[in-house]
1. Quick one: in the stretch 93-105, of everything that is open to solvent by 50 Å² or more (accessible area, probe 1.4 Å) and assigned to a helix (DSSP H, G or I), which residue is farthest from Val22 (Cα to Cα)?
2. Within the stretch 61-84, identify whether any single residue is of a type in the set (Val, Ile, Thr) and either at pLDDT 95 or above or on the phi > 0 side of the Ramachandran plot (or both), and answer yes or no.
3. Could you identify the single residue in Ala59, Ala52 that is small (Gly, Ala, Ser) and surrounded by fewer than 20 Cβ atoms within 10 Å (Cβ to Cβ)?
4. For the stretch 28-67, name all the residues that are in contact (Cβ under 8 Å) with a residue 12 or more places away in the chain, charged (D, E, K, R) and assigned to a loop (DSSP other than H, G, I, E, B).
5. Only residues that are open to solvent by less than 60 Å² (accessible area, probe 1.4 Å) and either over 17 Å from Val22 (Cβ atoms) or among the acidic types (Asp, Glu) (or both): list them for the stretch 75-87, please.
6. Only one of (1) surrounded by 14 or more Cβ atoms within 10 Å (Cβ to Cβ); (2) under 24 Å from Leu15 (Cβ atoms); (3) at pLDDT 95 or above; (4) among the aliphatic types (A, V, I, L, M) is not met by Ala90, so which one is it?
7. Looking at this structure, is Gln43 open to solvent by 60 Å² or more (accessible area, probe 1.4 Å) and either acidic (Asp, Glu) or in contact with a strand residue (DSSP E or B) (Cβ under 6 Å, 6 or more places away or on another chain) (or both)?
8. Val114 - would you say it is touching a Ser or Thr at 6+ places or on another chain (Cβ under 6 Å), open to solvent by 40 Å² or more (accessible area, probe 1.4 Å) and among the aliphatic types (A, V, I, L, M)?
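The values are calculated or read from the model by the stated rules, or taken from the named source; none is laboratory data. No experiment lies behind these values; they were computed from the predicted model shown. Quick reminder, even Gly has a Cβ in these numbers, built from the backbone with ideal geometry, and neighbours come from all protein chains shown. Only protein heavy atoms, including side chains, enter the accessible area calculation; ligands, DNA and RNA are left aside. Shrake-Rupley method; radii C 1.70, N 1.55, O 1.52, S 1.80 Å.
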Amino acid sequence: MSWSTMRATAPTFELPAVPTTVVVPHPDDEVLMFGAMIQTQRQRGVDVQVIAVTDGEAAYPDDGVRPDRLAAIRRGEQMAALAQLGIDGAAVQRLGLADGDVEHHLDALADAIVATGNPMVFAPWAHDHHCDHEACGNAALLAGARTGA
């Protein structure tokens, strides 16, 4: 089957226009995983809250940049990317969990998701190959079980 045939016959998802929480494990995931959805919601006037889980300080251990410096760079890049998607800095909750250690903070992350009160939550898949992505997905499942989101 050709790509164009598959695309033309693929099921579609109508994104509900309701307040949305986006759980972002690392700076750059907001664009790579959720960019189109965030921009769509913001263009519709829907509130989107972002939970920035880590600062991505462990991303490039061999590049010679100190982790605190890398974290600062990545936070700045993330805020610039979110601004392009229509997200104001006040809509970003930065948790500052250690990059690579999110799995040890599932309850705190789930609490942060629940605290947004939003009926729709987007997070990485709970079976993703990256430990922090997996942990964010699991925390979102915990939060959804508590709230029905």
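1. Looking at residues that are open to solvent by 50 Å² or more (accessible area, probe 1.4 Å) and assigned to a helix (DSSP H, G or I), I get His104.
2. Scanning the stretch 61-84 turns up no residue that is of a type in the set (Val, Ile, Thr) and either at pLDDT 95 or above or on the phi > 0 side of the Ramachandran plot (or both).
3. Ala59
4. If the condition is that a residue be in contact (Cβ under 8 Å) with a residue 12 or more places away in the chain, charged (D, E, K, R) and assigned to a loop (DSSP other than H, G, I, E, B), then Asp28, Arg44, Asp47, Asp55, Glu57 are the ones that fit.
5. Listed by number, the list holds a single entry, Gly76.
6. Tallying (1) surrounded by 14 or more Cβ atoms within 10 Å (Cβ to Cβ); (2) under 24 Å from Leu15 (Cβ atoms); (3) at pLDDT 95 or above; (4) among the aliphatic types (A, V, I, L, M), Ala90 fails exactly one: (1).
7. Judged against the criteria, Gln43 is not a match.
8. yes
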